[in-house]
Amino acid sequence: MIRIEHLHKRFSKLAVLTDVSASFRAGQVIALIGPNGSGKTTLIKSILGMVKPSAGQIYFNDQPIGEQFEYRRQIGYMPQIGRYPDHMKISQVMAMMQNIRNQPAAAIDEDLYLAYDIAAIAHKPMHSLSGGTRQKISAILAFMFRPEVLILDEPTAGLDPLASEILRNKILVEKQRGRLILITSHILNDLDELATDILYLHEGQVKCYDTLPNILQQTGQAKLSKAIAALMQAQSHSPAKMQNGQCTTKTVSHV
Amino acid sequence: MKNWLLISTMLMCQAANAGTIVVGGEKGLPSIKQGLALTKPGDTLLIKKGSWYVNNAIVDKKIVVQGEGWPVLHGADKYVILTVTGKGAVIRGLHFTNSGYSSMEERPALRIIDASEVVVEGNRFTHTYFGIHAANSHHFTIRNNTFQGVTRTEQTTGNGIHLWKCSHALIDGNTAAGHRDGIYFEFVTQSIVQNNRSHHNIRYGLHFMFSDNDSYTANAFHDNGAGVAVMFSKKVIMERNRFNNNWGPAAYGLLLKEISDSRILHNAFEQNTVGIYMEGANRIEVGYTSFRANGWAARVQASCAGNNFHHNNFHTNTFDIATNGTLVLNTFNGNYWDKYEGYDLNRDGVGDVPFHPVSLYSMLVERDPNSLLLLRSFMVGLLDKAEKAIPSLTPENLVDTLPFMKPIAL
Amino acid sequence: MFKLAKYVWYDILRSKVVIAYTAFLLTVSMSLFQLEADSGKALLSLLNIILLIVPLVSIIFATIHYYNSYEFIELMLSQPVSRTRILLSEYVGTAGSLTAAFLLGVGIPVLIYQPTATGMALLFTGSMLTIITCSLAFLVSVKAREKARGIGAALLCWFYFALLYDGLLLLLIFTFSDYPLEKVTLLLTSLNPIDLARIFLMLQLDISALMGYTGATYKVFFGSGWGLLYTAVILLAWAMIPLWMAIRRFRRKDL
């Protein structure tokens, strides 16, 4: 569904992504993992066309995205920090997004809207909302149009445990529906039950891209968080060992 | 033949009795010259509606030549049509057209020469080179005629009313257009030009030179190539005239050159490139005059002295006064300037701080006309403000010490 | 296109700055016409406002607005909307509301007191300068990443066109006063929209003086309909080209 080929991105002199290649299919839930500044968000933004590659190409359904924009109709994006026009009310933002997407009301996914009981606060202007509430709005908007692809950047950051749980369940539901889901998260426990695959980024390079069971097996850990910790440790102590070690560099193992 | 004799005898008798000779119409004489030959002093030559080619018919006695139904006197594009000379002739109601052009002489449709007490009134002049040319005449009147020349180049177009070496003339209520100069005076004295309208002439609406003691009253001069020019004259009175829309690099509402001891009162100058341009003008009084929306209301060159501007209104002129030197021997006290920003604490209607009508920028434009392109820019505004605070380039004594706070009722 | 612009418009109206600007223009224009017995003089004072205040307010407001609507732009970027459309909508919303403010604030008094060709020329020029300075503001904003830097650049831009340029021109005219400069200066004024607008208005207000200009070039040029057409075309180019450059830059920009 999404294919990334030799993607490079540098901001002035700083190389953020170096030769990233990967391929994502429908039904996969890919956990994008890596230390701070490893290029996760940049990769996501590249897929969304918000960041323009320095070199390489990204294909969506085998079409290079270039300056295309229609493909984003099939993407629901939940940003790390959702920022919205200050003066608008929640209801107005919702209405605006529906207006822009121009999708019939019947096609709207209202699950999260109802679960978070947004109707009760729909009259509030965006600037009066707490960070958590904004995250809820971001989540609602990402799922609202029943997109084929969900890109969730730190979805649970700032959410209270209950809201977090609701979101996790929603992601699970969408996973069952065979959506392609990309998640970055620092809270690795969140990803345990969700992820089918792990893509590990380090300093802008794909160090590891494999299915979750494979990774667990290779690292000899039972839990994702432990496995990742092992990966990170291995990476920071002896990258060479990593190269030849548990997780292969066969980054396109799923093609 | 017998019949003809009979008729002419009858006509002659009639003329002798009633003093009227008829030309044209069913019973009239066939030619104007014939008619003129038959007139005696005191007679009227009545020309009926019709059209005649006339090659310089001469009116040299005290008769009235009267047109009826606008008879057309055609000059065949070659001739002078009529010449008036002697004393007391009246020419009225004729339509002069297509008089001849000559590059050798000033050939008019109607020539007045060595004449006096002549009246030319209510005639039409169309397609003429010169309309009326008067020379060496005195005590005559040109009234309520219209002149429409053929606009060609300055060289091939003559003047509407042209007076040379005349005195005591009255030029009243005429309209002249499409000529070189609408009205032209040279060596004309003790004459009055009033209620005329002179417009769309190639050069000047009114042009006079070496003509003293004349008065110009209640005329309208507009859309002329270069406005009105008064040169080398003295004791001229110009009152209640209107000077409008004279635009061009060398166009003036009123050009004064080597003029002295004259009065310019109660006039109005509107939308001229330069309202009044003065060069070598001395002891001229300019008062009770409105200057509105001119490029320069008045351009007073350094060669002028003893002129007095007072009780004038200056409204929305791009520049009020411009001059080319720093020595100013003229006074500008007691006018209304719309650019004045002073105050009047004692409420006597006169501003408490003097007004300097010449801005720094207008001096810059004098030096280099290219800078006109920066007109009304913020930059120029700043320069002018700075100059007002610390005057350095503008002539210090070109000043109105008694500027009015409100426009003067004119 | 106007679907998005509508939201921009709505956002701008909410901020009330534009309403204050309208009220300011309305108050100033009304009082100018009422205080000056001579409507011609009132027009001259209005001219100063149009050549100075209108560009200043427009360029600063448009710049600030651009940075303030970053959230909106970000939100739109993840949607199936082209970047060109996003920026154009922002532009149409900003320039449109500023032009409307100008036409209300200055247009109403002009229509009441001076419904002449000169009045119309004033409105035309003011509107053109508004959309031109908005274009410049967008170009500056798209190029400068930071808000403070962007506003600084916008101010500099205004200072240059409103003041500095004329100073340089004056210097040039006097330095090379021995040379035939007519065509050069004519060309140079075309390189500054405020100068060109000023000359366009001078054709209405100071025609008498301009006709006194000794150079035949100007007389022919200014006197003819071609001069007016030329001015209008160049002003339009000044609105289009910076906007086009801004869009080009925006399409390649990482956001």
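Read the figures in this text as sums done on the coordinates, not as results from a lab. This one's a predicted model, so the numbers in the text were calculated from it and none came from an experiment. All Cβ positions, glycine included, derive from the backbone under ideal geometry; neighbour counts span all protein chains shown.
Angle of helix C:54-68 to the longest C-alpha principal axis of chain C, folded into 0 to 90 degrees and rounded to 10: 10°. Neighbouring Cβ atoms from other chains, within 10 Å of the Cβ of residues in C:70-77, number 6 on average. For B:Phe185, the amide hydrogen comes within under 5 Å of the amide hydrogens of B:Leu163, B:His207, B:Phe208, B:Met209, counting only partners 5 or more places away or on other chains and with H modelled in the peptide plane.
Multiplying the residue separation of B:Ser303 and B:Glu121 by 0.36 nm and removing their Cα-Cα distance gives an extension gain of 61.3 nm.
What number, rounded to the nearest 500 deg cm²/dmol, is the helix-based mean residue ellipticity at 222 nm of chain C, given -39500 (n - 2.57) per DSSP H run of at least four residues and division by all its residues? Don't jump to the answer; show the numbers that get you there.
Details: 15 runs with 205 residues, N = 255.
Here the helix-only value at 222 nm equals -26000 deg cm²/dmol.
Once you sort the root eigenvalues of the Cα gyration tensor of the protein assembly as shown as a ≥ b ≥ c, which label holds: rounded (a/c under 1.5), prolate (a/b larger than b/c) or oblate (the other case)? The shape class here is prolate. For chain C, the Cβ-based charge dipole about the Cα centre amounts to some 980 debye (Lys, Arg positive; Asp, Glu negative; other atoms uncharged). When you count the other C-beta atoms within 10 angstrom of each residue and take the mean per peptide, A:111-117, A:26-32, B:254-260 line up highest first as B:254-260, A:26-32, A:111-117.
For the peptides A:181-190, B:33-42, residues were scored by their other Cβ atoms within 10 Å and the scores averaged per peptide; the highest-first order is A:181-190, B:33-42.
Would you mind counting up the charge near B:Phe378? Only other residues with Cβ under 14 Å from its Cβ, with Lys and Arg at +1 and Asp and Glu at -1. Surrounding charge for B:Phe378 is 0. Of the peptides B:314-321, C:172-179, C:244-251, the ranking by mean beta-carbon count within 10 Å, highest at the top, reads B:314-321, C:244-251, C:172-179. Taking Lys and Arg as +1 and Asp and Glu as -1, the other residues whose beta-carbon sits under 15 Å from that of B:Asn174 total +1. For a test of the definition: using alpha carbon positions, the gyration tensor, and the 1.5 limit on a/c, classify the stretch A:126-237 as rounded, prolate or oblate. Prolate shape, in that a/c is at least 1.5 and a/b is the bigger ratio.
Selection among B:Phe130, B:Ala305, C:Thr63 by position relative to the dipole of the protein assembly as shown gives C:Thr63 as farthest towards the positive end (Cβ unit charges, Cα centre). Put a plus charge on the Cβ of each Lys and Arg, a minus charge on the Cβ of each Asp and Glu, and nothing anywhere else: the dipole of chain B about its Cα centre is then about 1600 debye. Taking the longest Cα principal axis of chain C as reference, the axis of helix C:2-15 is set at about 80 degrees.
In chain B, helices alone account for a calculated mean residue ellipticity at 222 nm of -3000 deg cm²/dmol, with every DSSP H run of four or more residues adding -39,500 (n - 2.57). Pairs spanning more than 21 Å between alpha-carbon atoms, out of B:Lys388/C:Lys183; A:Lys13/C:Lys147; A:Lys40/C:Lys253; A:Lys124/C:Lys16; A:Lys89/C:Lys6: B:Lys388/C:Lys183; A:Lys13/C:Lys147.
Over all other residues within a Cβ to Cβ distance under 11 Å of C:Arg252, the charged ones net out to +4, with Lys and Arg as +1 and Asp and Glu as -1. For chain A, count all C-alpha to C-alpha pairs, find those more than 23 Å apart, and express that count as a whole percent of the total. Tail of the P(r) past 23 Å holds 51 percent of the pairs. Taking every DSSP helix (H) stretch of at least 4 residues in chain A, weighting each as -39,500 (n - 2.57) and dividing the sum by the residue count yields a mean residue ellipticity at 222 nm of -10000 deg cm²/dmol.
Given R₀ = 25 Å, what would the calculated FRET efficiency be for C:Ser177 paired with B:Glu258, taking r from the Cβ atoms and rounding to 0.05? Write out the running numbers ahead of the final one.
Working: r = 30 Å, r/R0 = 1.21.
The pair C:Ser177/B:Glu258 has a calculated efficiency of 0.25.
For a straight C-alpha distance cut-off of 21 angstrom, the lysines reachable from B:Lys27 (same-chain residues fewer than eight places away being disregarded) are B:Lys2, B:Lys40, B:Lys48, B:Lys49. Can you bin the stretch B:324-387 into rounded, prolate or oblate? Criterion: square roots of the alpha carbon gyration tensor eigenvalues sorted a ≥ b ≥ c, rounded for a/c under 1.5, prolate for a/b above b/c, oblate for the rest. Oblate, since a/c reaches 1.5 and b/c is not below a/b.
Global size of the stretch B:218-348: 14.0, 47 Å for Rg and Dmax (C-alpha atoms, Rg to one decimal, Dmax whole). Helix A:224-237 and the longest principal axis of the C-alpha atoms of chain A enclose an angle of approximately 50°. Listed by chain and number, the aspartates and glutamates whose C-alpha is less than 12 Å from the C-alpha of A:Lys207, apart from same-chain residues fewer than 8 away, are A:Asp19. Applied to the stretch A:35-49, the Karplus parametrisation 6.51 cos²θ - 1.76 cosθ + 1.60 on θ = phi - 60° returns per-residue 3J(HN,Hα) values of x, 4, x, 7, x, 4, 5, 4, 4, 4, 5, 5, 4, 7, x Hz, with x for Gly and Pro.
Which lysines have a Cα lying under 22 Å from the Cα of B:Lys234, excluding residues fewer than 8 positions away in the same chain? Leaving aside lysines fewer than 8 places away in the same chain, those within reach of B:Lys234 are B:Lys165, B:Lys257.
From the largest down, the stretch B:20-225 spans 47, 32, 30 angstrom on the principal axes of its Cα atoms.
Each listed q (0.12, 0.14 Å⁻¹) maps to a log10 I(q)/I(0) for chain B, found by the Debye formula over equal Cα scatterers with no solvent: -0.90, -1.10.
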